[in-house]
Amino acid sequence: MVLTTQYVADWYMYTSRVFFYANGAFDAQFGFGNRNGTNNHLTHWHHNYWRLDFDIEGASNNVLSINDVVQNTEFTGLRDPIGGPGGSERTWEVRNTVSGRGYRLTPGRNDYNTPTNQSGRNFHLVDVIGTAYVANEYTDRGNTNNLGDCGMLSANLANGQDIGGGGAGTDVVMYYRVGVRDQTGVDSMICKSAGPSFTPIGNWTSMFANGFE
C-alpha cells in the first residue's frame, strides 16, 4: 500500500510518500520537483525532517539505539555508510524493552547524496535527533515563521534529557532528515527523492497472527 501526500508552494512541489509492506516494513520518501523553471538558474536545496513518535506497544518502555547500542541520553548524529561496527552502515533502532519488538531505520541509497549543510547556510546540521518526548518542545520561533527561520535547532530537542529510563525505557521521539539538491545546469528540473527504510526487529509473529497493529 502506498500513501502519497503532495504540497504545492508556488514554483516548487513536494511529495511525501510511504510504502507499506505486508511484513510490517515500510519505506518513507521525500521528493521535490520544480514546477515551472523558476529559479532554475540557482542551485538550491530542499530538506525535510520526519518526526517519528513510534510508541511501540504504548508510549512507555521504548528505547533508542545506534547499531543496537542503547542510548541513555538524548543525541544527535550523522549518517555514515561505514560508521557502524566493523565498517558496516550506521543504523538507528527503536524498541519496546518488554517485548523486544521494534524497528530499525536504515538510510536509503539517495540519502547520502545531499549531506548536511551542503549549502553552507547552517540550516540543517544533523541527520538524526533522538529525544525524550516533551509536549510542544519544538517551538523555536513561537508563533512566527519568517522566511529566514529555516534552521533545525537540534539543541532545543537534544538538550541532555534521559531516554534510557534506567534500562526500562521511556517515551522517545526520533527526527530523521533527508534532502535533495537542484544543481544549476545539471539536474535542476529533474524530480528527486530520498528517504529511509524501516524494518521490524524482534518477534512480531503474534502481532501478525492477530492482525498487524
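Derivation of every value follows stated rules applied to the coordinates shown; laboratory data play no part. In this text, all values refer to a predicted model and were calculated from it rather than measured experimentally. Cβ sites come from the backbone with ideal geometry, for glycine too, and all protein chains shown count toward neighbours.
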For this session: For residues that are buried (at least 19 other Cβ atoms within 10 Å of the Cβ), under 30 Å from Y14 (Cβ atoms) and aliphatic (A, V, I, L, M), scanning just the range 53-94, find the one that is farthest from the chain's Cα centre (by Cα).
Result: I56
Seminar exercise, completed: Counting only residues that are farther than 25 Å from G202 by Cβ, among the hydroxyl-bearing types (S, T, Y) and surrounded by 11 or more Cβ atoms within 10 Å (Cβ to Cβ), the range 1-30 contains a total of 5
For this session: Output the strands (runs of 3 or more DSSP E) that fall wholly within the range 1-105 and possess 1 or more residues being among the polar types (S, T, N, Q) and in contact (Cβ under 8 Å) with a residue 60 or more places away in the chain, or say none.
Result: 12-20, 26-34, 44-52, 62-66, 75-77, 92-96
For this session: Determine whether T131 is surrounded by 14 or more Cβ atoms within 10 Å (Cβ to Cβ), touching a residue at least 60 places away in the same chain (Cβ under 8 Å) and on the phi < 0 side of the Ramachandran plot.
Result: no
Seminar exercise, completed: Being more than 25 Å from A155 (Cα to Cα) and of a type in the set (A, V, I, L, M) narrows L105, L42, L78 down to just L42
